[in-house]
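Report on the structure given below.
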Amino acid sequence: MSYVFPPSPTVSLPVAGTAERFPVHRIYCVGRNYAEHAQEMGYTGREAPFFFLKPTDAIIAVENGEGVTMPYPPLTKNLHHEVELVVAIGVGGANIQAADAQKHIFGYAVGLDMTRRDLQTDMKKQGRPWCIGKSFDQSAPTGPIIPVGEVGDIVKAGIRLSVNGEERQTSTISQLIWNIGEVIEHLSAAWTLQAGDLIFSGTPSGVSAVVSGDTMVGSVDGVGSITVRVG
Ligand code: MN
């Protein structure tokens, strides 16, 4: 068999401590999964988790110990950072119960759900899909995956993001409205999860704008940190 042009390369992330890589299948994202962030976006109360997707090739892989540059994207004047714990699925399945979710997790990473907030807000107001605000090229800088056995108690981990050394976001994974098991239960009721899927689990409060020349450092205790410059 031959293709009419070369197929796109497989997007992958490094796996910490090995020469092997994690091939990425899909990128699911959870909206408004920390109460204080929901409030800053103008919402209150515990709503059912909801999801959106980013294209797989939105990933900018942050290799071990290195930083990356994310180009400032077109059309926006309000590019926001959202630091998130990323869950990497190693074993797929449908209708996974929260209590069984752990068996499906390969590892964790730190990721940034970069957002063209002005475009997202515009689309929300019009009741239209958010794709242009969330799912743009290079909108998902993501660090190496740490295998689950090498990460301590993820629930107790702190999560934070600084811009040019100034802390902007800080919380703990325990503050998630829907915990990782519950997210996997809801998600796998709607889509059949597959090995290689990534789940961006939501961002704490403190989202704000970055401009060209800024340096963001996002981290989750036990999972590591990533450095992303805005080009
Ligand atoms: Mn997000």
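Near G181, once Lys and Arg are set to +1 and Asp and Glu to -1 for all other residues with Cβ below 15 Å from its Cβ, the sum equals -3. Let a ≥ b ≥ c be the square roots of the eigenvalues of the Cα gyration tensor of the chain; is it rounded (a/c under 1.5), or, if not, prolate (a/b larger than b/c) or oblate? It comes out rounded by the Cα gyration axes. Each peptide in 144-152, 12-20 receives the mean, over its residues, of other Cβ atoms within 10 Å, and ordering these scores from highest gives 144-152, 12-20. In the stretch 53-106, Rg over Rh equals 1.08, where Rg is the alpha-carbon radius of gyration and Rh the Kirkwood radius from pairwise Cα distances. With the cut-off at under 17 Å, measuring from each backbone N in the stretch 55-82 to a point 7 Å along the Cα-to-Cβ line of S212 picks out 69-80.
The alpha carbon convex hull volume per residue for the stretch 119-158 rounds to 131 Å³. How charged is the neighbourhood of V220? Take every other residue with its Cβ under 14 Å from the Cβ of V220, and add Lys/Arg as +1 and Asp/Glu as -1. Within the 14 Å Cβ shell, the charges total -4. In this label model, K125 and N95 are separated by 4.4 nm, measuring between points 7 Å along each Cα→Cβ vector. Taking amide H positions as modeled 1.01 Å from N, with prolines and chain starts lacking one, the residues under 5 Å from I145 and 5 or more places away or on another chain are V15, A16.
Backbone amide hydrogens, once placed in the peptide plane, bring R168 within less than 5 Å of L161, S162, V163, excluding anything fewer than 5 places away on its chain. Put simply, the amide H of A157, placed in the peptide plane, has neighbours under 5 Å in I173, S174, leaving out anything fewer than 5 places away on its chain. Can you give the local net charge around I199? Use residues other than it whose beta-carbon is closer than 10 angstrom to its beta-carbon, Lys and Arg +1, Asp and Glu -1. Within the 10 Å Cβ shell, the charges total -1.
Averaged over residues, the count of other Cβ atoms within 10 Å places the peptides 132-141, 171-180 in the sequence 132-141, 171-180, highest first.
Taking the helices alone, the chain has a mean residue ellipticity at 222 nm of -3500 deg cm²/dmol, built from -39,500 (n - 2.57) per DSSP H run of at least 4 residues and averaged over all its residues.
A protection proxy built from the mean count of other Cβ atoms within 10 Å ranks the segments 88-101, 108-121, most packed first, as 108-121, 88-101. Applying the Karplus relation 6.51 cos²θ - 1.76 cosθ + 1.60 with θ = phi - 60° to the stretch 18-33 yields 3J(HN,Hα) values of 9, 8, 7, 10, 9, x, 8, 9, 10, 10, 9, 10, 9, x, 6, 10 Hz, where x marks Gly and Pro. Compared with the direct C-alpha span, the chain from M41 to D57 gains 3.0 nm at full extension, assuming 0.36 nm per residue.
Any read-out appearing in this document is the output of simple, stated calculations on the displayed coordinates, not a laboratory observation. Only a predicted model underlies this, so the values are computations on that prediction, with no experimental measurement involved. Quick reminder, even Gly has a Cβ in these numbers, built from the backbone with ideal geometry, and neighbours come from all protein chains shown.
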